[in-house]
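Shown next, in structure tokens, is the structure this report addresses.
The values are calculated or read from the model by the stated rules, or taken from the named source; none is laboratory data. Note that the structure is a prediction, hence the values are computed from the model and not measured. Using ideal geometry, Cβ is built from the backbone for each residue, glycine included, and neighbour counts are taken over all protein chains shown.
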Amino acid sequence: MAVDDKIIAALSEAVGALQRDAPRPLPAGAVAALADIAVPGTRVRIDMAATAAIGVPLITVEQSRDDTAVFAALTRRQREVADLIVQGQSNKDIALSLGISVATVKDHVHGILQRLQLPSRVAVMAAARF
């Protein structure tokens, strides 16, 4: 991912906030700076364990690829379910989110696995990320 000036500025501000206010888990200034670059398809991760180990904030920015191509073979509803699977939601959570029964979610999950020729929910998550 090419890092533009806006992302660099936001990361610089976040790192500064982390360095100025280290005792707190995540300073408000860091959250505010990162919110500017937290757009759909971008993952911003602050590794606090690594930060403690190396003494400086470790922040990674990852641009996700478009899930549309991966899920192109799915129906609209199957894509909605697949998106929620990718977010790590359980069948029960998906059912509540979409206002459908758990049995219907299971049917959609089965259809997704068949259409994408994948063996499991974890494979759906991996396919969306890589």
**Subset of region 39-98 [at pLDDT below 70, part of a loop (DSSP other than H, G, I, E, B) and surrounded by 14 or more Cβ atoms within 10 Å (Cβ to Cβ)]** = Pro57, Ser64
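Go through region 90-110 and give me each residue that's in contact with an Asp or Glu (Cβ under 8 Å, 6 or more places away or on another chain) and of a type in the set (S, T, N, Q). So that I can check it myself, show each step before the final result.
Residues of region 90-110 in contact with an Asp or Glu (Cβ under 8 Å, 6 or more places away or on another chain): 98.
The answer is none; no residue qualifies.
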**Request:** State which residue is farthest from Ala69 (Cα to Cα) when the search covers only region 82-108 and only residues that are without any contact (Cβ under 8 Å) to a residue 40 or more places away in the chain and touching a Lys or Arg at 6+ places or on another chain (Cβ under 7 Å).
**Result:** Val102
